[in-house]
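**Student:** I have a structure here, written as structure tokens, and I will follow up with some questions on it.
The values are calculated or read from the model by the stated rules, or taken from the named source; none is laboratory data. On a predicted model such as this, the values are computed, not experimentally measured, just so you know. Backbone-built Cβ (ideal geometry, glycine too); neighbour counts: all protein chains shown.
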Amino acid sequence: TSATASYRSIKYDVSVTDATNSRYALYSILITHDGSNAYISSSNVSSTGVDLGTFDADISGGNVRLLVTPATSDSMTYKFIKTAIDV
């Protein structure tokens, strides 16, 4: 999460590993907001051509949140690098 009062736009680079099936992916996710709504765009590259998760963004309690839903119930590892731009 990031405070909406502090950051207008955020970029995430997300590395995903599905060790159970030896699958890997890298996502680039862009989020901006207007204080009430979050807007998201993403692109990815995957070792199998299959998404390893779906991403969404929302605003809750004065914070913009990045949400992820894993593609499977397998053990997944997510690593994030976040770059935020002040309001």
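**Student:** Can we say Asp51 is surrounded by 13 or more Cβ atoms within 10 Å (Cβ to Cβ) and among the acidic types (Asp, Glu)?
**Tutor:** yes
**Student:** Condition first: of a type in the set (A, V, I, L, M, F, W, C), at pLDDT below 95 and in a strand (DSSP E or B). Now tell me which residues in region 48-78 satisfy that.
**Tutor:** Once the filter is applied, which keeps residues that are of a type in the set (A, V, I, L, M, F, W, C), at pLDDT below 95 and in a strand (DSSP E or B), region 48-78 yields only Met76.
**Student:** From the set of residues in region 20-34 that are under 9 Å from the mean Cα position of the chain (by Cα) and either of a type in the set (D, E, K, R) or surrounded by 19 or more Cβ atoms within 10 Å (Cβ to Cβ) (or both), which is nearest to Gly53 (Cα to Cα)?
**Tutor:** Tyr27
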